[in-house]
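Here's the structure we're looking at; comments come further down.
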Amino acid sequence: MTDPLARRLRAVVREAGIGVALLLVVAFFALFAPGFLGETNLSNILTQVTINLILATGMTFAILIGGIDLSVGAVMALCAVVGGTVMQAPFLPPWAAVCAGIAASLAVGMVAGALNGAISALWGIPSFIVTLGMLNVARGSALEVTDARSIYDFPDAFLAFGSAHLFGLPLMFLLALGLLAFGWVVLTRTVFGRMIYAIGNNEEAVRLSGHRTLRVRVAAFTITGLCVGIAAMVYVTRLSIANPILGVGFELNAIAAVIIGGTSLSGGRGSLFGTLLGAIVIGVLGNGLVLMGMSDFSRQIVTGAVIILAVVLDSYRARLSAAG
Amino acid sequence: MDRRLFLGSCVGMGSLLLPRPLRAAPGAAGAGRPKIGLVMKSLANEFFKDMQEGAVAYAGKRGDFDLLAVGIQSETDIDGQIAAVETLVARGISGLVIAPADSRALVPPVARAMRAGIKVINIDVAFDPQALARHHVDIAFVGPDNRAGARMSGEVLAHALGQGGKVAIVEGNPGAENGAQRKLGFMDAIGAGGLTLLDSRTAHWETEEANTVFSNMLTAHPDIQGVMAANDSMALGVVKAIEASGARGRIKVVSFDNIPAIRPLLKDGEVLATVDQFGSQLAAAGLDNVLKELAGQNLTGWIRTPLKLVTGRDVA
């Protein structure tokens, strides 16, 4: 158990599992879904997974530490409408308004995340229930702030980001990838990151060994919230609209990406690389099945079945790697 | 046990007998004015928000009845809406205006309310005729013809593309009656205009999903020339997908609802047409008709409310 090489090997096996699944899905669609491998289509898929990938990156932190965040969809709506409102401030020059809007969105996300983490840590309440409460607080606030109306008409300079490409890839996807890479470094190369895994494995042990777990928990959920704030701005720049009912159910897609990516729902085990693959699997399925001409209802069935299958396979891999 | 409720004396209407409400204390109805319940769908939706504000304004203008307006959590919160009806009955309403979340599930509680002597007017989405027959009630429906509206919008697209134009439909929630009616209207326009339907998929009324679903449809059918979206929120996502694919100007869009956010796109010609069903006046029209019933008229059938085709010319 303590041999670092064996541990790394097991981690590779774990991530290879979902990688193999992704390759199979891609190969299947390459054969049966006309136009799947087209350059535009691949770029479309990356655009389509971007928001979920950013949310799932944040969600990975919450799940690794042994929690969950059900509020991300609703907090995302709140971030989008607050950021959007600030961005329309008439007294600011466009560039300053854009910066202020983005800052507001990130701040709202971080505050919501910090509250989630602090409340669940201070009173020892499962984050499941705290974030369920936050879901309603955030959705209600988003409706209150906007009086249930959509916000549109943002500075052109901001909207240009949404469709920009760099090296042939969607700029927003590259941003998501950069965020994920940064998160990966934090999780694997810093003391803070190791603490997240340790708390996810056995919080009591970490506490008894003299570490303060409260701060780590608050920080982990704040990172989740930061990602939500970023995802909200990506949403607005891509669709030029911020509406208080956006993002319903987005938390479930993010959780699915994290779990398909091999991260354990009970915390302490998993990686952001898996989350990347998990998010892409979900995006590829949504895309490929439409290209094949599958009906909406069947598509829903297949997507659900694949999620279950991926987690079943993952349980086998976990047992294998524990035995080996 | 019966209690007399008077309509505003200035209107000079008659009075009617009603059973005593379950909880309201005798004489609780302010100055003998009738209480009218308004049950809507989710107030988180701009359309119902407008509708509620229109109703409040109408009640303020008339001043001869008390309005008790309630919304529900989400468009599909059927339980919540049934509970809302029962609560209003318990609060002693004499008239009820309802936009049902489900055209069948809401019939039994509404039929119970009618047996208790409450006058009911159905707005927005019509109750299922068979369900009404089964519960031996006849409720007048005050609302727009979604099918005819969608057909008007679809015909603008048919006219722009000409015979043989290739189109796709982006549908509303499967199971939503107005979504189903709008799809039928689009199909009417496709049939009448000799268009070819390449694909039809739901995006659950949602901008982001419409954006994703439509860019995938476009990959599967690169020859799409026109899109019919069942609401404006989805049209916004469709337009963004068209822009991202570089097909701006080549693919034409028509839609439904006339929300403020669609207006810049109508102006630019990115969306050819949408349909306004005057949501803010819909609840007011329902209230107007329920007051007529309380005054002794017996209304049945479909009282159509106006629809207006909105194009770039209207927003210039």
Practice problem: Considering only the range A:165-180, state which residues are of a type in the set (A, V, I, L, M), open to solvent by 50 Å² or more (accessible area, probe 1.4 Å) and more than 14 Å from chain B (Cβ to nearest Cβ). | Solution: A:Leu166, A:Leu175, A:Leu177
Quiz prompt | Residue ID - farthest from the other protein chains (Cβ to nearest Cβ), chosen from residues in the range A:286-304 that are open to solvent by 10 Å² or more (accessible area, probe 1.4 Å) and under 21 Å from the mean Cα position of the chain (by Cα) | solution = A:Gly304
Self-check item: Filter result for the condition that a residue is among the polar types (S, T, N, Q) and either open to solvent by less than 10 Å² (accessible area, probe 1.4 Å) or out of contact with any helix residue (DSSP H, G or I) (no Cβ under 8 Å at 6 or more places or on another chain) (or both), over B:Ser200, B:Ser153
Solution: B:Ser153
Quiz item: Is it fair to say A:Ser141 is open to solvent by 20 Å² or more (accessible area, probe 1.4 Å), within 13 Å of chain B (Cβ to nearest Cβ), over 18 Å from A:Pro244 (Cβ atoms) and in contact with a helix residue (DSSP H, G or I) (Cβ under 7 Å, 6 or more places away or on another chain)?
Solution: no
Exercise. Give the residues of the range A:144-164 that are outside any loop (DSSP other than H, G, I, E, B) and either of a type in the set (A, V, I, L, M, F, W, C) or more than 11 Å from chain B (Cβ to nearest Cβ) (or both), sorted by residue number.
Key: A:Val145, A:Ile151, A:Asp156, A:Ala157, A:Phe158, A:Leu159, A:Ala160, A:Phe161
Self-check item: Every pair of residues 6+ apart whose Cβ atoms lie under 7 Å, when the first sits in the range A:111-125 and is under 17 Å from A:Ala74 (Cβ atoms) while the second is open to solvent by less than 10 Å² (accessible area, probe 1.4 Å) and among the charged types (D, E, K, R)
Solution: A:Asn116/A:Asp69
Quiz item: Filter the range B:79-113 for residues that are of a type outside the set (Gly, Ala, Ser), under 16 Å from B:Glu177 (Cα atoms) and surrounded by 16 or more Cβ atoms within 10 Å (Cβ to Cβ); which is modelled with the lowest pLDDT?
Solution: B:Asp102
Quiz item: Of the numbered conditions (1) away from chain B (no Cβ under 14 Å); (2) assigned to a loop (DSSP other than H, G, I, E, B); (3) hydrophobic (A, V, I, L, M, F, W, C), A:Ile259 satisfies every one except a single condition; which is it?
Solution: (2)
Exercise. For residues that are touching a helix residue (DSSP H, G or I) at 6+ places or on another chain (Cβ under 7 Å) and of a type in the set (A, V, I, L, M), scanning just the range B:172-191, find the one that is nearest to A:Val248 (Cα to Cα).
Key: B:Leu184
Self-check item: Near pairs, Cβ below 6 angstrom, 6+ apart or cross-chain, from the range A:166-189 (farther than 9 Å from A:Leu272 by Cβ) to any residue that is open to solvent by less than 50 Å² (accessible area, probe 1.4 Å) and not in a helix (DSSP H, G or I)
Solution: A:Leu171/A:Ala164
Exercise. Please note which helices (runs of 4 or more DSSP H) are completely contained in the range B:214-316 and include at least 2 residues that are crowded, with 17+ Cβ neighbours inside 10 Å and within 11 Å of chain A (Cβ to nearest Cβ).
Key: B:232-244, B:263-268
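Quick one: is B:Ala140 open to solvent by less than 30 Å² (accessible area, probe 1.4 Å), under 27 Å from B:Gly172 (Cβ atoms) and at pLDDT 95 or above?
yes
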Self-check item: Selected residue (criterion: farthest from the other protein chains (Cβ to nearest Cβ)) from residues of the range B:168-189 that are open to solvent by less than 10 Å² (accessible area, probe 1.4 Å) and more than 24 Å from A:Asn243 (Cα to Cα)
Solution: B:Ala189
Quiz item: What residue, among those in the range B:168-198 that are in contact (Cβ under 8 Å) with a residue 60 or more places away in the chain and part of a helix (DSSP H, G or I), is nearest to the chain's Cα centre (by Cα)?
Solution: B:Glu177
Quiz item: Can you tell me which residues in the range B:63-103 are under 20 Å from the mean Cα position of the chain (by Cα), closer than 27 Å to B:Arg33 by Cβ and outside any helix (DSSP H, G or I)?
Solution: B:Leu67, B:Leu68, B:Ala69, B:Val70, B:Gly71, B:Ile72, B:Gly95, B:Leu96, B:Val97, B:Ile98, B:Ala99, B:Pro100
Quiz prompt | Unique residue being under 19 Å from A:Thr47 (Cβ atoms) and either more than 14 Å from chain B (Cβ to nearest Cβ) or in a loop (DSSP other than H, G, I, E, B) (or both) when the list is A:Ile223, A:Ile230 | solution = A:Ile230
Quiz item: Of B:Ala273, B:Ala247, which residue is modelled with pLDDT of 90 or more and hydrophobic (A, V, I, L, M, F, W, C)?
Solution: B:Ala273
Quiz item: Any chance the range B:129-140 includes a residue that's without any contact (Cβ under 8 Å) to a residue 12 or more places away in the chain and under 22 Å from the mean Cα position of the chain (by Cα)?
Solution: yes
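Checking the conditions here, which among A:Phe32, A:Phe36 is more than 14 Å from the chain's Cα centre (by Cα), open to solvent by less than 10 Å² (accessible area, probe 1.4 Å) and within 13 Å of chain B (Cβ to nearest Cβ)?
Every option except A:Phe36 fails the conditions.
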Exercise. Select from the range A:190-217 the residues that are in contact with a helix residue (DSSP H, G or I) (Cβ under 9 Å, 6 or more places away or on another chain), without any contact (Cβ under 8 Å) to a residue 24 or more places away in the chain, of a type in the set (A, V, I, L, M, F, W, C) and within 21 Å of A:Ala114 (Cβ to Cβ) and list them in ascending order.
Key: A:Met195, A:Val206
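The values are calculated or read from the model by the stated rules, or taken from the named source; none is laboratory data. Given the structure is predicted, the values throughout are model-derived calculations rather than measurements. Every residue, glycine among them, receives a Cβ derived from its backbone with ideal geometry; neighbour counts consider all protein chains shown. Ligands, DNA and RNA are stripped out before the accessible areas are found, and what is left, the full protein with its side chains, is counted by its heavy atoms. Shrake-Rupley method; radii C 1.70, N 1.55, O 1.52, S 1.80 Å.
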